[in-house]
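Everything below concerns the one structure shown next.
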Amino acid sequence: MVRIAFVLGLLLLPGLSARCQAPVSAEAQMNQIRWLLGSWARTNAAPGKSGYEIWENVSATAWKGLGISMKGTDTTFIEKLKIGVENGKLWYIADVPQNKGLVYFEITSVTNDSFVCENPRHDFPQTIAYKFDGKTIRARVSAGDRGIDYLFVRSN
């Protein structure tokens, strides 16, 4: 009987230790997605249109970004972006002209090559996902079945 309990304990130990690990801090999560910093040019815009995202480090817990859409040489849309730590959580914050205030998306998933942001109470988008493959970034903004895909290459 002791031997069975010992073997069961060994089998359960890996799962238990994985659940007991401390969560990764928001600051450490920001470090995992440092690949986002820099200037990125959209490669899948409609003919005659272009887009850019520019991200820069402000501090250990805050980055600022700028999303720009253009038609020819005319700027058609600008959004001010921020990724930062507030109250121990990591947030993606968008300031766009059509919203009265800032829109907060909680960053709910982070890996070394991706992150997902969510705000189910926002109309569109409700989810923002970025995926880095070493050379390009694929970003998707979506709500339900509706979504827009962006493909970026480093431009600096």
Exercise for review: In debye, nearest 20, what is the charge dipole magnitude of the chain about its Cα centre with +1 on Lys and Arg Cβ and -1 on Asp and Glu Cβ, if you could check?
Suggested key: 220 debye
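Quick check: net charge around Lys82, other residues with Cβ under 9 Å of its Cβ, Lys/Arg +1 and Asp/Glu -1? Before the final figure, lay out the partial values.
Details: positive: Lys64, Lys80; negative: Asp95.
Around Lys82, the surrounding residues sum to +1.
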Practice item. Show that you can apply the helix-only estimate: for the chain, add -39,500 (n - 2.57) for every DSSP H stretch of four or more residues, divide by all residues, and state [θ] at 222 nm to the nearest 500. Key: -5500 deg cm²/dmol
Study note, to complete from the structure: Residues of the range 69-84 with backbone N under 16 Å of the label point set 7 Å from the Cα of Ser155 along Cα→Cβ are 69-81
Check your understanding: Residue by residue, what Karplus-based ³J(HN,Hα) values in Hz, rounded to whole numbers, does the range 126-140 have, using 6.51, -1.76 and 1.60 with θ = phi - 60° and x for Gly and Pro?
Key -> 9, 10, 10, 10, 10, 9, 10, 10, x, 10, 10, 10, 9, 10, 9
Check your understanding: Among Lys135, Lys49, Lys89, whose mean-square fluctuation peaks in a Gaussian network model of the chain (Cα, cutoff 10 Å)?
Key -> Lys135
Exercise for review: Using only Cα atoms, find the angle between the long axis of helix 2-20 and the longest principal axis of the chain, and express it within 0 to 90 degrees, rounded to the nearest 10.
Suggested key: 20 degrees
Revision key, fill the gap. Scoring only Lys, Arg, Asp and Glu (+1, +1, -1, -1) among other residues with Cβ under 14 Å from the Cβ of Trp35 yields +1
Revision key, fill the gap. For the chain, averaging the sequence separation of alpha carbon pairs under 8 Å that lie six or more residues apart and dividing by its residue count, the contact order in percent is 17 percent
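Just add up the charged neighbours of Asp133: K/R +1, D/E -1, any other residue whose Cβ is under 13 Å from the Cβ of Asp133. Kindly include the intermediate steps, with their values, before the conclusion.
Working: positive: Lys131, Lys135, Arg138, Arg154; negative: Asp113.
Every neighbour counted, the sum reads +3.
Restricting everything to alpha-carbon atoms, can you work out Rg to Rh for the chain with a Kirkwood hydrodynamic radius? Don't jump to the answer; show the numbers that get you there.
On the way: Rg = 19.8 Å, Rh = 17.5 Å.
Taking Rh as the inverse mean 1/r over Cα pairs, Rg/Rh reads 1.13.
FYI, it's all coordinate maths here, none of it is from the lab. Just so you know, these numbers come straight off a predicted model, no measurement behind them. We place every Cβ from the backbone using ideal geometry, glycine too, and count neighbours over all the protein chains shown.
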